[in-house]
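Below: the structure, in structure tokens.
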Amino acid sequence: MLHRLVTVLVVCSAALVCTQRAEASPLLVWNIYGHTTTSDIFLPQLPLATPIAFSVTVDLTAPDLCANAGQGQYVLPQATMTFGGTTYTSPGAALEVNNPLASCLGVPSFPDTAIRISGFSPDPGFSLVSLFGPGTANDSIPLTPAFGSFLITYGFLSGPRINGTIDRVEVVPEPASVFLLGTGAAALAFRRMRRRRPSRSLP
């Protein structure tokens, strides 16, 4: 029974791998939780101390769109924002590493890591949401992000804004990656069990 179960899992795993790009590595999901702190506009549906959750999918194999060494600009496959019981999705998210405002003009004096999210659906009325964290030693995507604040703007950076604090960040593998890791572990366990099983002697 165990042999059949492991066989099924391995076959499913192999099929899943074949459908993905050969060079692809596991995707990461950054779950970011925070709350609003200050606002210079009146927005009834988003008062101060409103909890907000962001979830962004990060592809570790995404190409760096900045030509300058020390600065990174990466497209995020998926991003969402949740507050008040509604989840807003965005196809227009990007990750900036030591690259303020996606300038790509050289290593900045004050490096930081930022996520810029726009084009939410359904439309919550925001032009741009920015999440900020410390910079990195190079232009690579951080594996353990440490975002500390976020900014919601109307009319982009020149318009009214809402500030917020990020309380915690969780990094989890994308579900397909978890499945691959699980089936790999099961295959290894089955292989060890077969090695330990005593051989039967012929009569």
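Between Ala102 and Ala137, residue separation times 0.36 nm minus the direct Cα-Cα distance comes to 10.8 nm. In terms of accessible area, using a 1.4 Å probe and ignoring ligands and nucleic acids, Glu170, Glu96 rank largest first as Glu170, Glu96. Note on Val171: accessible area is roughly 60 Å² with a 1.4 Å probe, heavy atoms of protein only. Extension gain, Thr89 to Ala69, is 4.1 nm, computed as 0.36 nm per intervening residue step minus the present C-alpha separation. Stretching the chain fully between Ser149 and Thr82 yields a gain of 22.5 nm (0.36 nm per residue, less the alpha carbon separation).
The values are calculated or read from the model by the stated rules, or taken from the named source; none is laboratory data. Keep in mind the model is a prediction, meaning the values are calculated, not measured. In case anyone asks, the SASA skips ligands and DNA or RNA and just uses the protein heavy atoms, side chains included. Shrake-Rupley method; radii C 1.70, N 1.55, O 1.52, S 1.80 Å.
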